[in-house]
1. All but one of (1) without any contact (Cβ under 8 Å) to a residue 24 or more places away in the chain; (2) among the hydrophobic types (A, V, I, L, M, F, W, C); (3) under 27 Å from residue 82 (Cβ atoms) hold for residue 197; which doesn't?
2. Among (1) at pLDDT 95 or above; (2) surrounded by fewer than 21 Cβ atoms within 10 Å (Cβ to Cβ), where does residue 93 come up short?
3. Give the residue, chosen from 180, 203, 157, that is of a type outside the set (Val, Ile, Thr) and in contact (Cβ under 8 Å) with a residue 40 or more places away in the chain.
4. Can you work out which of the residues in segment 115-156 that are more than 17 Å from residue 88 (Cα to Cα) and of a type in the set (A, V, I, L, M) is surrounded by the most Cβ atoms within 10 Å (Cβ to Cβ)?
5. In segment 185-197, is there at least one residue being in a strand (DSSP E or B), under 19 Å from the mean Cα position of the chain (by Cα) and more than 23 Å from residue 90 (Cα to Cα)?
6. Here are some residues: 102, 133, 93. Which one is over 16 Å from residue 185 (Cα atoms) and among the polar types (S, T, N, Q)?
7. So, in segment 139-154, of the ones that are of a type in the set (Ser, Thr, Tyr) and over 11 Å from the mean Cα position of the chain (by Cα), which residue ends up nearest to residue 124 (Cα to Cα)?
8. Would you confirm whether any residue within segment 74-91 is more than 24 Å from residue 183 (Cβ to Cβ), part of a strand (DSSP E or B), polar (S, T, N, Q) and not assigned by TED's automatic domain parsing to the domain that holds residue 167?
Amino acid sequence: MTSSTTNNAGSLTKSADDLSGAAHQSGHFSWTDSGTHGSGTDDGTAYAGPVSYLQHEYIWSGHDGRSVASGAANVFIHGGDGDDAISAMSGSNVLDGGAGSNFLTGGHGDDGGSDTFFADVRGGQTVWDTVVNFHRGDAVTIWGYQPGVSTLSWSENEGAEGAKGATLHAEIKGAGTGVNASVTFAGMSVADAQSKFGVSTGNAGGNNYLYMHNNG
């Protein structure tokens, strides 16, 4: 039995736990499950979405928190609704932690790659992502941000111990409605973030978003 999910880095992807009908790639991902305490490797699937540089993908749709690391470059990784830790160390990648509190670690960019990090609150969920290695050329997209309605605020030195930094908080439904999306940029100050980030809003396929690009 297969399951599928729609996402912003590809029109259709399959569950990482059911790859029977997909084109396999050999041993690209390793994972550890916080609920079952199981671990292993996974082939993932060949990426077939619209982003030209992506080659492989891993989709976790379960409720347990999961740690996923990619040994391949140019990947799309999507977490579930638990607290996930996702890392992609080379190439250009798209990382989406799903709901909950997530650690998203991109590459250092030494190979010329850049990473895009998604915080998606269109389904009404709450997301707090901690982004590590957010270097020049990287970007964050907050899906569901409504220009003219949603609000933004910055806080200094928030987040988990050892990965604190400038933190952006967004109230998607407007001031006083509660924070839905937060992104901590590990190791950065608010002044550094505000001086380096280009911020814009837009709409893709009827989906509003806020886009932040590290101009370095």
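The values are calculated or read from the model by the stated rules, or taken from the named source; none is laboratory data. A quick note: this is a predicted structure, and the numbers were derived from the prediction, not measured. Ideal geometry is used to build each Cβ from the backbone, glycine not excepted, and the neighbour counts take in all protein chains shown.
1. (3)
2. That leaves (2) as the condition not met.
3. Sole residue among the options that is of a type outside the set (Val, Ile, Thr) and in contact (Cβ under 8 Å) with a residue 40 or more places away in the chain: 180.
4. Restricting to residues being more than 17 Å from residue 88 (Cα to Cα) and of a type in the set (A, V, I, L, M), the top hit is 142.
5. no
6. The unique qualifying residue is 93.
7. Looking at residues that are of a type in the set (Ser, Thr, Tyr) and over 11 Å from the mean Cα position of the chain (by Cα), I get 145.
8. no
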